[in-house]
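Okay, so here's the structure we're looking at.
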Amino acid sequence: ELHARLPKTKSSEILGSVIVQLDGGMLIKLVFVQNRNRRRDWLAILSTDVTITDAEIVRIYGIRWSIETFFRFAKSYLKLGSEFQGRSFDMLISHTTIVFSRYLVMEWERRNENDPRSLGGLFFLLSDEIRDLDLKTALQQLIAFFMEMSKTKSKRDKSSVLSQVQQ
């Protein structure tokens, strides 16, 4: 009903917006955008911040959507959450790190094979940070760290190993 009351414009992907007060008194802003897959359909994006522009709401939603699709990919294809049965926080963080590392390697390979563009500013920021550390050395250090961690018996030994890794 709200979409039907908006003035009809065909010039933009943003069809319009409306601010609505919910039963509890909370104000929300609904932004109506054209569906890219089906041009005759529309999508509604809800925002609780009524002060930002329609374009900013759509931009933030686009960022959020890319994060959601990444997690769906990680859960479906990289087995985030399904190949691991541990319950401790450290084990969950370790598993998530391994899964995300898989994704980074796959994305790096895809970019090398399919994308003629360079990685631009991200590459230069990263290369400055790890200029002296190549992948082979980093992996050797990581494996050595895990081997040393598996041998430690006390919390004091584990904290000394973790301080070495931080350095």
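Quick notes on this structure:
- Packing-based ranking of 94-103, 34-43 yields 94-103, 34-43, ordered from highest to lowest mean Cβ neighbour count within 10 Å.
- The distance separating the Cα centre of the range 16-68 from that of the range 100-115 comes to 32 Å.
- Sorting 65-74, 19-28 by average packing, meaning the other beta carbons within 10 Å per residue, from highest down gives 65-74, 19-28.
Every number in this text was worked out from the coordinates using simple rules, so none of it is lab data. Since we're looking at a predicted model, the values are computed, not measured. All Cβ positions, even for glycine, are placed from backbone atoms using ideal geometry, and neighbour counts span all protein chains on display.
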